[in-house]
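Note sheet for the following structure.
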Amino acid sequence: MVPYIYMLIASTQNNGIILSKTIDFRVSKYFQTNMKYLFDNYQYLKVIGNSIFVTVIGTVISTFITTVAGYTLAKYKFVGNHLIFGLIMLSRMIPGFAVLIPTFLLFSKFGLTNSYAGIILPLLASANAVFIMKQYADSFPLELIEAARIDGASEITILFKIAMPLLKPNIITSGLLIFMGYWNSYIFPLVMMSDSDKYTVPLVIRNITQASQDDLNYGAMMAALATSVIPILFLYVWVQTKFKQTDVSAGIK
């Protein structure tokens, strides 16, 4: 925790304090100055908005897609089921940077570079999230599904009215991981984006660190890092209130 605590404290300091010979753990008065520097030089408020937009849209769509995909692979037996799951598992073993250039070339052909879609789409069907949801859905009792079918419920009704409510804690967990993936995404925005008006937080932090050593504003950089962590902390606290133990076996009885 020490680096995180120091990051928060350093965001209130200036270069003179941060670059002194000793580490100063006292809160100073320069946080507002550092934030003003970010607003004036990097349109930081707009950048935060860009990150929130990309992350929220991507998380909502991706969580839905991966939940349905994982549930389908776990509970429906169809031709190609094992092949599809095998391909998903195989894709988890391929490093993201290995497909970075092919992805960029494909997106450029479709005119998706330098757009929010170019950041959202590559992570939309996360293989890790599909794998996690399938493992969760495997524990979902078939008896509940069969009982609902006997009562005349359609497969869509079973998914939305029975499966999803009972899998809610697992869906929230998967959604949190997807949220963090989008919020912290650096490589795809770096490759896809050239318009500074559409930059996300990781790209702005990169730009700050690229300044020469004499011009590098360490206080502003620490302020950007500190504020970039806040949405994840708030989301985590909110998610903790949503976790409730779901006794799936009680539904069978």
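With the structure loaded, tell me whether Ile61 is touching a residue at least 12 places away in the same chain (Cβ under 8 Å), under 29 Å from Thr227 (Cα atoms), part of a helix (DSSP H, G or I) and open to solvent by 40 Å² or more (accessible area, probe 1.4 Å) or whether it fails that test.
Values: touching a residue at least 12 places away in the same chain (Cβ under 8 Å): yes; under 29 Å from Thr227 (Cα atoms): yes; part of a helix (DSSP H, G or I): yes; open to solvent by 40 Å² or more (accessible area, probe 1.4 Å): yes.
Taking the combined requirement at face value, the residue satisfies it.
One residue stands out among those in region 105-116 that are under 21 Å from Ile57 (Cβ atoms) and of a type in the set (A, V, I, L, M, F, W, C): the one that is most open to solvent (accessible area, probe 1.4 Å), which is Phe110. Considering only residues that are among the polar types (S, T, N, Q) and either surrounded by 17 or more Cβ atoms within 10 Å (Cβ to Cβ) or part of a helix (DSSP H, G or I) (or both), which ones fall in region 143-177? Those that are among the polar types (S, T, N, Q) and either surrounded by 17 or more Cβ atoms within 10 Å (Cβ to Cβ) or part of a helix (DSSP H, G or I) (or both): Thr157, Asn170, Thr173, Ser174. Within region 92-103, the set of residues being open to solvent by 50 Å² or more (accessible area, probe 1.4 Å), modelled with pLDDT under 90 and of a type outside the set (A, V, I, L, M, F, W, C) comprises Arg92, Pro95.
Leu203 meets the conditions (1) within 26 Å of Gln43 (Cα to Cα); (2) open to solvent by 50 Å² or more (accessible area, probe 1.4 Å); (3) over 13 Å from the mean Cα position of the chain (by Cα) in every case but one. The failed one is (2). Filtering region 134-155 to residues that are out of contact with any helix residue (DSSP H, G or I) (no Cβ under 9 Å at 6 or more places or on another chain) and either within 15 Å of Leu73 (Cα to Cα) or of a type in the set (D, E, K, R) (or both) leaves Glu146, Asp151.
For region 1-26, which residues satisfy the criterion of being exposed (fewer than 13 other Cβ atoms within 10 Å of the Cβ), among the hydrophobic types (A, V, I, L, M, F, W, C) and out of contact with any helix residue (DSSP H, G or I) (no Cβ under 6 Å at 6 or more places or on another chain)? Write out each step before concluding.
As a first pass, look at region 1-26 and keep what is exposed (fewer than 13 other Cβ atoms within 10 Å of the Cβ): 1-5, 16, 19-23, 25-26.
Then keep just the ones that are among the hydrophobic types (A, V, I, L, M, F, W, C); that gives 1-2, 5, 19, 23, 25.
Of everything in region 1-26, those that are exposed (fewer than 13 other Cβ atoms within 10 Å of the Cβ), among the hydrophobic types (A, V, I, L, M, F, W, C) and out of contact with any helix residue (DSSP H, G or I) (no Cβ under 6 Å at 6 or more places or on another chain) turn out to be Met1, Val2, Ile5, Leu19, Ile23.
With respect to (1) open to solvent by 50 Å² or more (accessible area, probe 1.4 Å); (2) hydrophobic (A, V, I, L, M, F, W, C); (3) not in a helix (DSSP H, G or I), the lone exception for Phe140 is condition (1).
Taking only region 178-192 into account, find how many residues are buried (at least 18 other Cβ atoms within 10 Å of the Cβ) and among the aliphatic types (A, V, I, L, M). Reasoning before the result, please.
Step one: list which residues in region 178-192 are buried (at least 18 other Cβ atoms within 10 Å of the Cβ), which gives 178-179, 182-183, 185, 188-189, 191-192.
When the remaining residues are screened for being among the aliphatic types (A, V, I, L, M), the result is 178, 191-192.
Count: 3.
Does region 117-137 hold any residues that are open to solvent by 60 Å² or more (accessible area, probe 1.4 Å) and in a helix (DSSP H, G or I), and which are they? Don't jump to the end; show me each part of the working.
We begin by selecting, within region 117-137, every residue open to solvent by 60 Å² or more (accessible area, probe 1.4 Å); these are 121, 125, 128, 135-136.
Passing the criteria: Leu121, Asn128, Gln135, Tyr136.
Whether a residue is among the basic types (Lys, Arg), at pLDDT 90 or above and open to solvent by 100 Å² or more (accessible area, probe 1.4 Å) was assessed, and Lys29 passes this test.
The values are calculated or read from the model by the stated rules, or taken from the named source; none is laboratory data. This structure is a prediction, so every number in the text was calculated from the model and none was measured. So basically every Cβ, Gly included, is an ideal-geometry build from the backbone, and we count neighbours across all protein chains shown. The accessibility values were calculated without ligands, DNA or RNA, using every heavy atom of the protein model including side chains. Shrake-Rupley method; radii C 1.70, N 1.55, O 1.52, S 1.80 Å.
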